[in-house]
């Protein structure tokens, strides 16, 4: 392993047991399994933003949690700067977690309403025993609040979250993620709860911070337009698998996988999609309980034929520079 | 004659310090087969507008003024009993977070049946059940789900059930209040395609309340942009896309990501929505506007016609100065 990459994910797998099926199913040991993440492999360079795209239940957030070591994988390996961190525990793990932070989706829910902004923002320092005095605490908080565009920062310190608007809350959440100077920030749909008019501000802020602090980012979203604006590379996920990955311009202007094609059409030419819906995708929804050895998209694919059912056709193949697709119809 | 006429609809919410002017003077016409989109940020009065049109505002809300004329009858003047006969039969609503709108203890077929039985008491049980099954097919759900419980359905299917419900009494107008928010993009697009098809096939009037510009411009033929309780621009979709007039409309569009050029910076609309409790009599967009001048501070502009099918509430347009 070389150290060129910040994060390397190798063949990650994670399944969850369901509670479906009742007591008898338990005895028979045939509980249904949800394939949350299945054979996910990608590499992340320093200062790169990778977008994870897909519908709910496709494993975007589970992948992110695995990267942050909030979940353990069933199979596969995870490397951080060339070091295998798959089985990190305790002290090593807390060192790693300082370097990776997350910004959640809903700023109305995850900020503690009983803490003021000063304490919310500096809590990571407290946990990691980096706070010596009250002055240091205030200085650090002011510095980080200014960097996320909450000016004048001093006036925000002793406010509570209910006094802030949605966009301001999301900025506080970003400040809290930044205060430990991480290498990697996972942004889990950071703008989906915000109004369109403030969304742009948050996106621009994240782009600016990336340059300022040399951050890498995993940007989770279901909106391809946002991903196109934010990311360097985009990975499209479907039923726990990455079905297409490549530079954003390749994905958006030259999509190869039928699922990506449908997503691109919805995001950029919804009118055309509404009129010719049936040429893009079949009606139906994700069923994450079954997993095939062949293509997982078969039920909704418009290009589906008997060929697709051969084993192993979901394997990635290269179709362009850094552009990989898991579809047997896409010969290069 | 228009199918639905809304005239000067005004709804306030009572607070301890005065009225919150959540909806101020909403007026528009809706033709049969027309799809009108109402867009704006949260708190701009979109949902209040939806509920006011059905006269379903409850305390502390109060409809202060206005008319909603459907079929020559004014919904606002009706008493409870008259209203019961009209609601759902002539005007129906697909509520926000429709995914939670189904009763978990009843089979979905029964829930659709309920409204039919109530509004068409003369219909026999067999006819009514047949109708429900027909509706399920129409929204793309297998009739076997008549006997299914809501928890067995996915979000998109529940949404389709709610649409079937809204269609159950053959209404003339359907109001969809953020009906597809929270669904995945592909499912959302499929549901929208369905709604649009049904509206055109049956000649319904459809009002789509949403904050998603991309979605609204794709399916509506007319669009009303709301800001702080008022309609600031009302025109055809084409005009909104090609020739937006109100500074707020322009700002909204410049906050959208350009699919042709991802390097183009998007800009946000700075500032916050003004407080609507006892607001000053100035343009409500004044604090966030980049083209304001002294006129804007003196009096709130009203919605005036600047050309056919294009109405704007801004002093910069037309001869709004008087």
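Key figures for this structure:
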{"read-out": "Residues of the stretch B:139-159 classified as in contact (Cβ under 8 Å) with a residue 24 or more places away in the chain and more than 23 Å from the chain's Cα centre (by Cα), total", "value": "9"}
{"read-out": "Candidate set from the stretch A:240-253 (those that are touching a strand residue (DSSP E or B) at 6+ places or on another chain (Cβ under 6 Å) and more than 25 Å from residue A:76 (Cβ to Cβ)); member that is nearest to the other protein chains (Cβ to nearest Cβ)", "value": "A:248"}
{"read-out": "Residues being free of Cβ contacts under 8 Å to residues at least 60 places away in the same chain, part of a helix (DSSP H, G or I) and more than 9 Å from chain A (Cβ to nearest Cβ) - total across the stretch B:166-193", "value": "1"}
{"read-out": "Scope the stretch A:137-193; condition in contact with a strand residue (DSSP E or B) (Cβ under 9 Å, 6 or more places away or on another chain) and on the phi > 0 side of the Ramachandran plot; matching residues", "value": "A:189"}
{"read-out": "Filtered residues of the stretch B:227-268 (kept if closer than 18 Å to residue B:45 by Cα and within 13 Å of chain A (Cβ to nearest Cβ))", "value": "B:227, B:228, B:248, B:249, B:252"}
{"read-out": "Pick from the stretch B:18-61, criterion out of contact with any strand residue (DSSP E or B) (no Cβ under 6 Å at 6 or more places or on another chain) and more than 30 Å from residue B:214 (Cβ to Cβ), ranking: modelled with the highest pLDDT", "value": "B:55"}
{"read-out": "Per-region count, the stretch B:205-221, residues more than 11 Å from chain A (Cβ to nearest Cβ) and assigned to a loop (DSSP other than H, G, I, E, B)", "value": "1"}
{"read-out": "Residue A:263 being touching a helix residue (DSSP H, G or I) at 6+ places or on another chain (Cβ under 6 Å), closer than 28 Å to residue A:38 by Cα and facing chain B (nearest Cβ under 9 Å)", "value": "yes"}
{"read-out": "Matching option when the condition is surrounded by fewer than 24 Cβ atoms within 10 Å (Cβ to Cβ) and at the interface with another protein chain (Cβ under 9 Å from one of its Cβ atoms), among A:223, A:232, A:278", "value": "A:223"}
{"read-out": "Among (1) within 12 Å of chain B (Cβ to nearest Cβ); (2) farther than 21 Å from residue A:316 by Cβ; (3) crowded, with 21+ Cβ neighbours inside 10 Å, the one test that residue A:217 misses", "value": "(1)"}
{"read-out": "Answer from A:326, A:267 - the residue that is modelled with pLDDT of 80 or more and farther than 19 Å from residue A:41 by Cβ", "value": "A:267"}
{"read-out": "Options B:148, B:155: the member that is touching a helix residue (DSSP H, G or I) at 6+ places or on another chain (Cβ under 8 Å) and within 14 Å of chain A (Cβ to nearest Cβ)", "value": "B:155"}
{"read-out": "Residue A:237 away from chain B (no Cβ under 14 Å) and under 19 Å from the mean Cα position of the chain (by Cα)", "value": "no"}
{"read-out": "From B:191, B:198, B:209, residue being in contact with a helix residue (DSSP H, G or I) (Cβ under 6 Å, 6 or more places away or on another chain), under 30 Å from residue B:84 (Cβ atoms) and modelled with pLDDT under 90", "value": "B:191"}
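The values are calculated or read from the model by the stated rules, or taken from the named source; none is laboratory data. Since this is a predicted model, take the numbers as computed values, not measurements. Counting neighbours? That spans all protein chains shown, and the Cβs are built from the backbone with ideal geometry, glycine included.
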